[in-house]
1. All other residues with a Cβ under 12 Å from the Cβ of residue 115 taken together, and with Lys, Arg as +1 and Asp, Glu as -1, what is their net charge?
2. Could you pull out every residue, at least 5 positions away or on a different chain, whose amide H is within less than 5 Å of the one on residue 164? Hs are placed 1.01 Å off N in the peptide plane, and Pro or chain starts have none.
3. Leaving out ligands, DNA and RNA, and with a 1.4 Å probe, what % of the accessible surface on segment 179-254 is carbon or sulfur?
4. Accessible area per residue, 1.4 Å probe, Å², for segment 113-259: what's the number?
5. Can you pull the accessible area of residue 125 for me, 1.4 Å probe, Å² to the nearest 10?
6. Report the extension gain between residue 107 and residue 142 in nm, rounded to one decimal, defined as 0.36 nm multiplied by the number of residues separating them, less their alpha carbon distance.
7. Only sites in a loop by DSSP and with at most 15 other Cβ atoms within 10 Å count here; which trypsin sites (Lys or Arg not before Pro) in segment 104-172 make the cut?
8. Given 149/206; 53/135; 53/149, which pairs have Cα atoms separated by over 27 Å?
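The values are calculated or read from the model by the stated rules, or taken from the named source; none is laboratory data. Small disclaimer: the values here were computed from a predicted structure and weren't measured. Cβ coordinates were reconstructed from backbone atoms using ideal geometry, including for glycine residues, and neighbour counts include every protein chain displayed. Surface areas here come from the heavy atoms of the whole protein model, side chains and all, with no ligands, DNA or RNA. Shrake-Rupley method; radii C 1.70, N 1.55, O 1.52, S 1.80 Å.
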Amino acid sequence: MDRPRKLNHRRNLNRSWEDMEQNCLAQVFIRVGLESLLLFIPFVCKSWYRATKNPACWERIIFPDANDDVTDPFSLNDAVLDRPWTTANRTENQRFDVFIRTFARENDILWRHFSITNFMKMVIDRSSGSLRFLKIPGLLSHYMFAIHKTLQHVGKCCKNFAGMQLTNAAIGPSVVEAIVTFVPNLSFLSLRGSQIPRELMVMLLKEMKNLVLLDVRECVGFDQQDEEILRLASEIPTFLCRGARIFAQEHLLRMSDGSLVHVIALD
């Protein structure tokens, strides 16, 4: 090996991760989770901190979940579509709650001053308008107008936004109104395992004209064989509704006086 090649070889051996070119680092960080991008990587060194500012790291924002199953349209295949789904509302809510509380603590924000809506906007702004896919925790559906304000911000700032996942959520009129008003050009939408009344499901199908994939499997509020819903969804190339039902599972409970009452269990 000649001398110049030996010198280059030694330099390469002595290089550290922080010396890696910024765009290369960004390509690595794209593959880590949101928790790492916000809570760990920026504090390793200045080079890594600068790399996390690259909008490419934030084109797909997936908030913490109880499992790794994400209906991600940018890596979707038959294996993903057939993968068994685990409903774990309680675990997911706990993990997201721990995540945001950890973020508040690490950034010296008093919890009583913490705004989930402002937090969501801050994360979305990291994309500098290049956000394409967003997974919103179902827990946000229980916060007043949190999803409405989040989608309003997305619709205003992210012109290439194409896909959203909001699973195991309580989907009411304000959420559906936000979807059809602020992000009407979605190509991919997953509401799997959520509670959504039939009339709101019909409204979504009538208003969302550009959908390529709609996943409403195991939803509660409409029947998977509803003729009107199937007719409206016939224009969508991939419509997934297996397991959708009007009511949640019902059980009979015998009271102390001997009477029977229906108890609805929302899985």
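1. With Lys, Arg at +1 and Asp, Glu at -1, the net is +3.
2. 134, 188, 189, 190
3. Whole-percent figure for carbon plus sulfur exposure: 51.
4. Counting only protein heavy atoms, the per-residue value for segment 113-259 is 46 Å².
5. About 80 Å², ignoring ligands and nucleic acids.
6. 10.1 nm
7. Passing sites in segment 104-172 are 159.
8. none
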